[in-house]
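Values quoted throughout were computed directly from the atomic coordinates according to the rules given, and no laboratory measurement underlies them. Computed from a predicted model, the values in this text were never measured in an experiment. Please note: Cβ atoms are built from the backbone with ideal geometry, for glycine as well, and neighbour counts cover all protein chains shown.
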Amino acid sequence: MIWHHARLVAEVCTEPRARVALLHLDAAQPVVLEGPAAVIWDLIDGHRTEQDIFAELEATFEDQSGQMQVQVEGFLASLEAQRLIEAARGVSH
């Protein structure tokens, strides 16, 4: 699956990009991402597959629990449920 940021999402980030605040324009509260979550947000670009994102995270962060891929998949599902990301259509990789 390839994801991109939803069009109705406003984004504010710190410099360096350690924290990202997101607000879907139809939502009541923002979502704040930090650490690996903020890195994942930056990797969602409409071109990378979930496997690409996982590979980049695995190269950056140690997967001590052996659960990183499951956690990334769950996090992406959570972002989709909050309408912060959408599946990219018609993008080949």
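Note on the chain: dipole from Cβ charges, positive end direction compared against PRO36, VAL9, PHE75; the farthest Cα belongs to VAL9. Charge tally around ARG19: other residues with Cβ under 12 Å, Lys/Arg +1 each, Asp/Glu -1 each, net -3. Considering only alpha-carbon pairs that sit under 8 angstrom and 6 or more positions apart, the relative contact order computed for the chain is 38 percent.
Backbone amide hydrogens, once placed in the peptide plane, bring ARG19 within less than 5 Å of THR14, excluding anything fewer than 5 places away on its chain. Among the trypsin sites (Lys or Arg not before Pro) in the chain, those located in a DSSP loop and surrounded by at most 13 other Cβ atoms within 10 Å of their own Cβ are ARG7, ARG17, ARG89. Extension gain for the segment GLU50 to GLU62, taken as residue separation times 0.36 nm less the Cα-Cα distance, is 2.5 nm to one decimal. For ALA87, neighbours were defined as the other residues whose beta-carbon sits under 11 Å from its Cβ, and their charges (Lys and Arg +1, Asp and Glu -1) total -2.
Under the convention that each Lys and Arg Cβ holds +1 and each Asp and Glu Cβ holds -1, the size of the dipole of the chain around its Cα centre is about 340 debye. Each semi-axis of the equivalent ellipsoid for the chain is √(5λ) with λ an eigenvalue of the Cα gyration tensor; in descending order they amount to 20, 17, 12 Å.
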